[in-house]
Amino acid sequence: MNILLVVACGSLVALLVAEWRRMQRLRAFTKVLCSASFCLAASIALQGVDTFSVLLCMGFGVSFLGDVLLLFSKKSAFLLGLGFFLLAHLFYATAFGVWGAELSVVGPALGVLGLFSVGVARWLWSSIAGT
């Protein structure tokens, strides 16, 4: 598993360089490699077949698909990628609900994050409305 974390970190550095230098092929390759390696490392680390672990792994997989879709410049791919990230976060929330997260902490946090999410959604929507 340590090799996967090294690959994830190395590909992240390469991804940042590719973004900075506008190297699209390297960007695509390193983004997929980075996402795949940290998803695989996290899945291996869970080592369980309980509901919590399965839900987290499903979230990792859907997040990976979202990352891949964000590589494309089409509006439909972008929106589908965002949809996959939303689905991934629903898997994560369900996993922590199954795990038994403390509602007195989670409730207020969800409220704050919900308000923040509305602002981000409005900002993103205005950015893609013209494309």
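Pull up the stretch 58-86, narrow it to residues that are open to solvent by 40 Å² or more (accessible area, probe 1.4 Å) and among the polar types (S, T, N, Q), then point me to the one that is nearest to Trp125 (Cα to Cα). Within the stretch 58-86, the match that is nearest to Trp125 (Cα to Cα) is Ser76.
You will find that of Ala42, Ala36, Ala18, Ala14, the residue that is closer than 20 Å to Gly59 by Cβ, without any contact (Cβ under 8 Å) to a residue 24 or more places away in the chain and surrounded by 15 or more Cβ atoms within 10 Å (Cβ to Cβ) is Ala42 and no other. Annotation note: of Phe64, Phe96, Phe52, the sole residue that is among the aromatic types (Phe, Trp, Tyr) and under 14 Å from the mean Cα position of the chain (by Cα) is Phe64.
The values are calculated or read from the model by the stated rules, or taken from the named source; none is laboratory data. This is a predicted model, so every value here is computed, not measured. Virtual Cβ from ideal backbone geometry, glycine too; neighbours counted across all protein chains shown. These area figures cover heavy atoms from the full protein model, side chains too; ligands, DNA and RNA do not enter into them. Shrake-Rupley method; radii C 1.70, N 1.55, O 1.52, S 1.80 Å.
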